[in-house]
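Shown next, in structure tokens, is the structure this report addresses.
Values in this text are rule-based calculations from the coordinates and carry no lab data. All values derive from a computational prediction rather than experimental measurement. With ideal geometry, Cβ positions are generated from the backbone for all residues, glycine too; neighbour counts draw on all protein chains shown.
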Amino acid sequence: MPTLRPCHIPNLISAARIFLVIPVLKALLSHDFHQALIWFTIAGLSDGLDGFLARYFGWQSRLGSYLDPIADKLLLVTSYLSLAWLELIPFWLALLVVARDLLIFAGATAYYFLMKPFDGQPSLISKFNTFCQLLLVGLILINPDIFTIPDATLQMMRWLVAATTLVSGLIYTRSWGMRYYRESKVDR
């Protein structure tokens, strides 16, 4: 059995974040937004912590490069689908978020099988998109229990999430397409 070392901590945190999807989903579907916000916040903080530890101590790993985005996407996709089910966000917005992530996953998988393994680095717009997606979920979860977020603010955030989701999805599609085109020409 392999020995656990400090360099495994970021991967363990990412794996734990995958399991945090369950209490977030349970709390959302039970309309316990306060509890959902607590679990969602813990998941968000754990994302920052594992990233900090990996960068600061040089504990990056190939496994971590897969676990971290999987944990993030599971949390966001589950949250968006649940909020759409509860009619707290438009269904089209949840579909847009899910479609973008499926597009990125399909592109990465196709690239891997057609070309070679890759080191996917998120773009700045992608990081901003993830931040906006997380912020919208947080604002919606804060809204019912703590204080009222103005409808105009929530509407602006919905449109910002939609715009950054579309733009980042298009940038990924273009980037992967160009990369595949360049590398397939080299291989000929």
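Using a 7 Å offset from the Cα along the Cα-to-Cβ direction at both M178 and E87, what is the distance between the two label points in nm, to one decimal?
4.4 nm
How large is log10 I(q)/I(0) at q = 0.14 Å⁻¹ when the Debye formula is applied to the Cα atoms of the chain, each weighted equally and without solvent?
Those come out to -0.85, one per q.
In the neighborhood of V24, defined by Cβ-to-Cβ distances under 11 Å, what is the net charge if each Lys or Arg adds +1 and each Asp or Glu adds -1?
Computed value for this residue: +1.
Using all alpha carbons of the range 1-56, what is the percent of pairwise distances in each 10 Å bin, ordered from the shortest bin to the longest?
Final binned percentages: 24, 42, 24, 10, 0.
Helix 62-85 versus the longest principal axis of the chain: what angle, 0 to 90°, nearest 10, using Cα atoms?
Once rounded, the angle reads 30 degrees.
Of the listed peptides 46-55, 126-135, what is their order by residue-averaged count of other C-beta atoms within 10 Å, with the highest listed first?
In decreasing order of mean packing, 46-55, 126-135 become 126-135, 46-55.
Would you mind checking the tilt of helix 9-29 against the longest principal axis of the Cα atoms of the chain, expressed as 0 to 90 degrees and rounded to 10?
Around 40 degrees separate the two axes.
Say R0 is 30 Å: what FRET efficiency, to the nearest 0.05, do H34 and L170 get from their beta-carbon distance?
Result of the calculation: an efficiency of 0.25.
Note the angle between two axes, namely the Cα long axis of helix 91-114 and the longest principal axis of the Cα atoms of the chain, as a number of degrees from 0 to 90, rounded to the nearest 10.
Here the helix axis deviates by roughly 20 degrees.
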